[in-house]
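The values are calculated or read from the model by the stated rules, or taken from the named source; none is laboratory data. All values reported here derive from a predicted model rather than from experimental measurement. No Cβ is skipped: glycine too gets one built from the backbone with ideal geometry, and neighbour counts run over all protein chains shown.
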Amino acid sequence: MKILLISLNYSPEVVGVSRYSTDLAEWLSRENTVHVVTSQPYFPKWKIFYGFPNRYSSRSFANGFQIFRCPIYVPRKPLFFKRIVHLFSFAITSAPILFLHLFWSPHRIILVAPTLFCAPLVLFFKLLSARSCKTLLHIQDYEFDAAYNLGLFRNPRIHSLLTSAEAFLLKRFDAVSTISRSMSQHAIDKGIPEDKLLMFPNWVDTESIFPRSHHRIPCNPYVAELDIRADSVVLMYSGSMGLKQGLSIFVEIIPLLADLKQLCWIFAGDGAYKSQFLNATSNFDNIIHLSLQPDQRLNDLLALADIHMIPQKEGVESLVLPSKLITILASGRPVVSSSTPDSELALISSEAGLSCPPGHPQLFADALRTLITDKNLRYHKGRSARQIALTRYQRSLVLEQFKSDLYALK
């Protein structure tokens, strides 16, 4: 089968959507011929990677696997309307590569959102295609709703126009998949028929990410590199640093736990908000800031933490599910999150740690204190986290189910 995957983000980016799009393409290429249309890499620093000229390029691999890269506008400061231009630029530059594939005649086209501006082009491609190809839209992020709820733009008429156009496009794909139950319900609320919906959660390679010995054991190189004391309790945030991550809450949380002298806070990531966050936390002396770490060091990094932290701003709980959560679960460490009580993030965190409502620094600090002071609870929540990863989000289970669903499209 010939499969065309269109994803704004792809390797060598190592966080968010790119990790999953890359893994999906490589998995499908085991039995199929896969072509990928993507941009030049830029995320999460919002800067084109060194060694990747911002122009068209392509690369071929064994078994017909090909990656087509398109130039893209990357704003220095990704404010809402500049993000719109950014997304629209990919739709424009990817269009010629997409329509050249009319001669290739794919059997399936997978479009990964956020790249919804490409949706009209994909649907038009299907009309022109000599072969009746099937189209699937995979939603990693409801970009317009999330931006509106986060206050990136406030005009309700623009929001209504964008969401109406989104719903119109979604209904015309042969199938729509999302990464969580709450996101599937959001699609139903937009009028998508349930028989068109597929559940395709993010996944983790549980053989690459697994519980390691505690960070006090010298086998973890980060202990010496970061000079972590033997009696430290390490609290970690790792991943993208943007507005929807809600990192500003830590400026209030850290002083609330100042009486616990054994704490070591580690923030490992990059993004549009990082420089602002560095300035906001510059007066705290028990914080370590790191850039995003390479994949081959990810397991050591996650194992360094006693407790992982996932804040989330109010209003996005049904629109996104932080991809970092699944990897944290596999590491066998507990998590504290902030999300509305009935959200997917809150429900999973309650099994694998603790959760509190968003926007409440004191409640988040209280949840952290509970786990900090109860080593036995940390251990049991960590074991529960690992079990969730193994039974619900194991890479082979998720990808094989999606492959079957993709083949079965009618």
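Here are the numbers for the structure shown:
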item	result
Subset tally (residues that are under 20 Å from the mean Cα position of the chain (by Cα) and farther than 23 Å from Leu150 by Cα) for the stretch 78-118	4
Flag for Arg154 being at negative phi, in contact (Cβ under 8 Å) with a residue 60 or more places away in the chain and not assigned by TED's automatic domain parsing to the domain that holds Lys244	no
Among the candidates Tyr407, Tyr379, residue that is surrounded by fewer than 20 Cβ atoms within 10 Å (Cβ to Cβ) and either β-branched (Val, Ile, Thr) or under 29 Å from Ser21 (Cβ atoms) (or both)	Tyr407
Elements of type strands (runs of 3 or more DSSP E) contained in the stretch 1-91, each with 2 or more residues being crowded, with 22+ Cβ neighbours inside 10 Å	2-7, 33-39, 66-70
Cβ pairs under 7 Å, 6+ apart, first in the stretch 121-147 and of a type in the set (Gly, Ala, Ser), second in a loop (DSSP other than H, G, I, E, B)	Ser129/Leu102; Ser129/Ser105; Ala130/Ser105; Ala146/Val316; Ala146/Leu319; Ala146/Val320; Ala147/Phe153
Filter result for Met183 (assigned by TED's automatic domain parsing to the domain that holds Thr370, buried (at least 20 other Cβ atoms within 10 Å of the Cβ) and touching a residue at least 24 places away in the same chain (Cβ under 8 Å))	no
From the options Lys196, Lys171, Lys244, residue that is closer than 30 Å to Leu397 by Cβ and outside the structural domain of Val15 (by TED's automatic domain parsing)	Lys244
The stretch 136-165: number of residues that are farther than 28 Å from Ile109 by Cα, assigned to a helix (DSSP H, G or I) and under 20 Å from the mean Cα position of the chain (by Cα)	2
Close pairs from the stretch 49-68: first farther than 16 Å from Val36 by Cα and in the same structural domain as Glu31 (by TED's automatic domain parsing), partner surrounded by 10 or more Cβ atoms within 10 Å (Cβ to Cβ) and β-branched (Val, Ile, Thr), Cβ under 6 Å, at least 6 apart	Asn54/Ile48
Flag if Leu345 is modelled with pLDDT under 95, out of contact with any His (no Cβ under 6 Å at 6 or more places or on another chain) and not in a loop (DSSP other than H, G, I, E, B)	yes
Matching residues, the stretch 98-149, being β-branched (Val, Ile, Thr) and within 19 Å of Asn32 (Cβ to Cβ)	Ile109, Ile110, Val112, Val122, Thr135
Candidate set: the stretch 326-353, residues that are touching a Phe, Trp or Tyr at 6+ places or on another chain (Cβ under 9 Å) and aliphatic (A, V, I, L, M); chosen: the one surrounded by the most Cβ atoms within 10 Å (Cβ to Cβ)	Leu329
Arg386 vs. criteria at pLDDT 95 or above, under 21 Å from the mean Cα position of the chain (by Cα) and in the same structural domain as Val335 (by TED's automatic domain parsing)	yes
Looking only at the stretch 144-163, and only at residues there that are polar (S, T, N, Q) and under 17 Å from Met183 (Cα atoms), the one that is modelled with the highest pLDDT	Thr163
Among (1) assigned to a helix (DSSP H, G or I); (2) crowded, with 22+ Cβ neighbours inside 10 Å; (3) not hydroxyl-bearing (Ser, Thr, Tyr), the one test that Leu399 misses	(2)
